[in-house]
Amino acid sequence: MFRALIYLLPLALTIYAFIDCLNTPEDEAKHLPKIAWVFIILLFWIVGPIVWLATGKMRQAPAGGRTPSEWHRNHRSQWVAPDDNPEFLNALKDENKKDESLLKDWEADLRRREEELKRRENGESPSASGE
């Protein structure tokens, strides 16, 4: 059991440091570029992660609520409730207009078909009523 711990503990430390390094923004990596830190962590199995955790990263709260991921940093948006969002409300109005026009077309088509069926039942020809 103790032998397994000797290998698992440095492996867990390396994995943690590697993921921490990847999630750190480039401007928060100290002394070296982030890619150099990745190589140091992976090549120097025990020493690399310890050096990264001790000196490789600025350990302070991110300013302005920044997230560590580059994607999230550039894609932040202001959340607005749907009933306060004018774009959402305009999209609903447009959708309602489309639905209403489609419903009117269906109703007109239904009326036309009903009238045609009534004419057929009464024995009238469809061309005679159109004139």
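Values in this text are rule-based calculations from the coordinates and carry no lab data. Since the structure is predicted, the reported quantities are computational estimates derived from the model, not experimental observations. Cβ: placed from backbone, ideal geometry, glycine included. Neighbour counts: every protein chain shown.
Quick notes on this structure:
- Among residues other than ASN122 with Cβ under 13 Å from its Cβ, the summed charge is -2 (Lys and Arg +1, Asp and Glu -1).
- The label-point distance for VAL47 and MET1, in a model that sets each label 7 Å from Cα toward Cβ, rounds to 3.3 nm.
- The stretch 1-62: trypsin sites (Lys or Arg not before Pro) in DSSP coil with no more than 15 other Cβ atoms inside 10 Å: LYS30, ARG59
- Relative to its Kirkwood radius, the Cα radius of gyration of the stretch 1-64 gives an Rg/Rh of 1.04.
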